């Protein structure tokens, strides 16, 4: 059996090749219609046939990948501002002798706590994040180093080191925050999958993050759905109804989706009904 794998957030889903008419880049040019289904994002013509489009991220993850990415970019922006303020406070303490009360342990600041626990399968983002480790730790270590110099009466040396680290390590840290945000935003290039039930006419369109690869598997290699709970799929019964099994991949699983079972005919009719 031949499938194509697609990425939806942190999950990988598979559709039968015979269930796919076309994939195309999502250009945010759908026709919006009033509807109560939060995953329905609009209608797009396929060969003259108005086709309802659904955000698979909302169906599987309860949140659009676009929203997830925007939240991550906002978090990185906030943590960058934290470190700008941290650096200003350290400079203030060095120049005035006032106590410095912010985190000196790189694992205890808000970014450090997030950084130590964040996981991503976005290889480019992961590569950027790994580069944070050394400069982030070095910046936090400055507090003890420079404040010790102040206590020893070596204020001029402390200010020289501070200025040097501001030009180098701190500038690098800010550039990494910028690069990470850009990667989160620019890497998201969603596509629409036009699915079919008869091999000719469009059924529904599904918004996914990107195409992963194509795979051929024997029917005997498809695992039953009772394995879902062990790989992070906490789903409701209605959503589970569209899932047909698991394909074992090198590091994880791909979940086989039956697009014809995602919605009942009455729900599709409602999605395209203009009130």
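Since every read-out is calculated from the coordinates, none of them should be taken as a lab result. Remember, it's a predicted structure, so these values are computed and weren't measured experimentally. Here Cβ is always computed from backbone atoms with ideal geometry, including for glycine, and neighbour counts include all displayed protein chains.
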Margin query: If R₀ is 41 angstrom, what is the calculated FRET efficiency for the pair residue 113 and residue 223, using the beta carbon separation as r and rounding to 0.05?
Written below: 0.70
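Using a Förster distance of 41 Å, how high is the FRET efficiency between residue 70 and residue 215, based on the Cβ-Cβ distance and rounded to 0.05?
For residue 70 and residue 215, the calculated efficiency is 0.85.
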Checklist line | Using a Förster distance of 51 Å, the FRET efficiency for residue 240-residue 84 (Cβ separation, nearest 0.05) | finding: 0.65
Check: Per the Debye formula with a single identical scatterer at each Cα and no solvent contribution, what log10 I(q)/I(0) holds for the chain at q = 0.16 Å⁻¹?
Finding: -1.15
Checklist line | Percentage relative contact order, the chain, counting C-alpha pairs under 8 Å, at least six apart | finding: 32
Notebook entry, point to check: Quick one: helix 65-96 against the long Cα principal axis of the chain, what's the angle to the nearest 10°, folded into 0 to 90?
Noted result: 0
Checklist line | Pairwise label distance in nanometres, residue 1 with residue 96, each label 7 Å out on the Cα-Cβ vector | finding: 6.8
Next item on the list: List 47, 243 from most exposed to least, where exposure is judged by having the fewest other Cβ atoms within 10 Å.
Entry: 47, 243
Checklist line | Helix-derived mean residue ellipticity, 222 nm - over the chain, DSSP H n ≥ 4, -39500 (n - 2.57), to 500 | finding: -12500 deg cm²/dmol
Next item on the list: Find the relative contact order for the stretch 73-186 and round it to a whole percent, using C-alpha pairs within less than 8 Å whose residues are 6+ positions apart.
Entry: 39
Note to self: With viscosity set to 1.306 mPa s at 10 °C, what whole-number translational diffusion coefficient in µm²/s follows for the stretch 73-186 from Stokes-Einstein and a Kirkwood radius over Cα pairs?
What the structure shows: 108
Check: Distance from the Cα centre of the stretch 31-54 to that of the stretch 160-227, in angstrom?
Finding: 23
Next item on the list: Compute the acute angle (0 to 90°) between the alpha-carbon long axis of helix 155-165 and the principal axis of greatest extent of the alpha-carbon atoms of the chain; round to the nearest 10°.
Entry: 20
Check: Helix 133-151 sits at what angle to the longest principal axis of the chain, using alpha carbons and giving 0 to 90 degrees rounded to 10?
Finding: 20
Next item on the list: Could I have the simple spin-label model distance between residue 45 and residue 28, label points 7 Å from Cα toward Cβ, reported in nm to one decimal?
Entry: 2.3
Next item on the list: Starting from the exponent 0.38 and prefactor 2.2 Å, build the expected Rg for the stretch 14-73 from its residue count and divide its actual Cα Rg by it.
Entry: 1.25
